[in-house]
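The structure appears below as structure tokens.
Readers should treat all values here as calculations from the given coordinates under stated rules, not as data from a laboratory. Computed from a predicted structure; not experimentally measured. Neighbour counts run over all protein chains shown; Cβ positions are idealised from the backbone, glycine included.
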Amino acid sequence: MAPSSPTPRGPRLFKALIVSTIAVALSHVIMSDGLYLSFSGQAAATLGSGSGFSSNQAFTAAMMNTALLMPIVLWIGMLVTGERRVGPMVLVGTISWITAVGNGIDTIDDAPYTLLPFGSLALVVGITALSSAIRRK
């Protein structure tokens, strides 16, 4: 069986744009929910009642879950759309997401359900989608 021809860049970039937007949205929701648990733990500790978990544990779990979810969603999303050889896109998307979260964590760590700056979210989506043009051989 002959190998299938690669998808042209335009449709591949479009698919990558959709998948990376979904990945950023899902990762942000997971991070926001985890940070909400962290806020709940802080509030419970301040009021003197035990919440059953530490706010530091909830914060760490939120950061780990969002960092682990991004590559999974990118990889599965591109495979579902019929694309192969998505390693560079997954790597670039994960690194750019971790960088955006690391730079914006101070803005979202003050109140529950706060969004990262829209510019950094759009930058992560754009960089991830553009990196889909890189094909590993």
In order through segment 76-83: 3J(HN,Hα) via Karplus (6.51 cos²θ - 1.76 cosθ + 1.60), integer Hz, x for Gly, Pro: 5, x, 6, 5, 5, 7, x, 8
Quick one: if you stick a label point 7 Å off each Cα along the C-beta vector at Ala133 and Asp106, how many nm between them? 3.4 nm
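Pop the C-beta distance of Leu17 and Ala61 into the FRET formula with R0 = 25 Å and round what comes out to the nearest 0.05.
Numbers: r = 30 Å, r/R0 = 1.18.
Efficiency, from the Cβ-Cβ distance: 0.25.
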